[in-house]
1. Taking segment 21-71 on its own, how many of its residues are touching a Pro at 6+ places or on another chain (Cβ under 7 Å) and over 20 Å from TYR224 (Cβ atoms)?
2. Would you pick out the residues in segment 13-56 that are at pLDDT below 95 and under 17 Å from the mean Cα position of the chain (by Cα)?
3. How many residues are within 11 Å of GLY78 (Cβ to Cβ) and in a loop (DSSP other than H, G, I, E, B) when one looks only at segment 92-109?
4. Suppose we keep only residues that are under 16 Å from the mean Cα position of the chain (by Cα) and aliphatic (A, V, I, L, M) within segment 108-128. Which one would you say is farthest from TYR9 (Cα to Cα)?
5. Which strands (runs of 3 or more DSSP E) does segment 129-220 wholly contain that include 1 or more residues that are of a type in the set (Gly, Ala, Ser), within 17 Å of the chain's Cα centre (by Cα) and at pLDDT 95 or above?
6. Determine which member of the set ASN93, ASN100, ASN105 is polar (S, T, N, Q), more than 25 Å from HIS15 (Cβ to Cβ), modelled with pLDDT of 95 or more and over 17 Å from the mean Cα position of the chain (by Cα).
7. Under 6 Å by Cβ, and 6 or more places apart or on different chains, what pairs join a residue from segment 71-94 that is over 16 Å from PRO34 (Cβ atoms) and charged (D, E, K, R) with one that is at pLDDT below 95 and in a loop (DSSP other than H, G, I, E, B)?
8. Mind listing just one residue for me: the one in segment 165-186 that is more than 16 Å from TYR104 (Cα to Cα) and either in contact (Cβ under 8 Å) with a residue 40 or more places away in the chain or of a type in the set (Gly, Ala, Ser) (or both) and, of those, surrounded by the fewest Cβ atoms within 10 Å (Cβ to Cβ)?
Amino acid sequence: MNNLTIIYYTANLKHEKFAERIRQSLLKTIKNLPLISVSQKPLVFGHNICLKGIGRSIKSVYKQILVGARSATTDYVGLAEDDTLYAPVHFSNRNFPSLNMFAYNMCRWSVCIWLKNPVYSMTNRLCNSNLIAPRKLLVDLLETRLSRFKDKEPDKLWSEPAKHDAKYGITTGSVFRFMTTPTIGFIHPESLGFDRLGKRKGISPMRAFDIPYWGEVKELMGYYYAN
């Protein structure tokens, strides 16, 4: 694990008590791994880089990831989002891909916070929050995206690394999928996908009220959303 830097990125829109509990959970998970936080407001969290005023957009997300990856010195980087919980095994070096591959943990469960009866639902897709990548491969890809499409770019170009890049003539690494103890993502009205779908956002038919390691969803919600 010591050849991995964690890149935490945030637009600083989450309620601060919730955001702080997520950050404290991440610190317990990663222990002594190097941590770079890329925020839009100053933040005392690892080595902080503040990109004030870049705004909330999917393109800004990738700009923040790029800045963090450029600043890291390890061969690998692991992305950490401001609404996601991680188990230590997620960042284990056994999940590191080869230097020409992007590794995605496919075991992610989500919790939509507006539901009256909260439930875990499995997210079976590539997610930036679950990405572990060779640092140089990630930097090269994001720099290519930014330089090739400076003014107007296809919306799908700003999706997970290696998902749609080949369709736009960008050569990059392939995808490696793995599974561990799940990560847990809380879906908020501040989430980018909420702008388009709102509370109509679909919930996977694979659902649970209690899952190993994380426990009952009501108890988890009660802790992270306590006043």
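1. 2
2. LEU13, LYS14, ARG56
3. So the answer is 2.
4. Of everything passing the filter in segment 108-128, MET122 is farthest from TYR9 (Cα to Cα).
5. 131-134, 183-187
6. ASN100
7. Taking only residues 6 or more apart or on different chains, the pairs are ASP82/LYS14.
8. Among those residues, the one meeting the criterion is GLY169.
The values are calculated or read from the model by the stated rules, or taken from the named source; none is laboratory data. Every value quoted in this text rests on a predicted model; they were computed, and no experiment measured them. We place every Cβ from the backbone using ideal geometry, glycine too, and count neighbours over all the protein chains shown.
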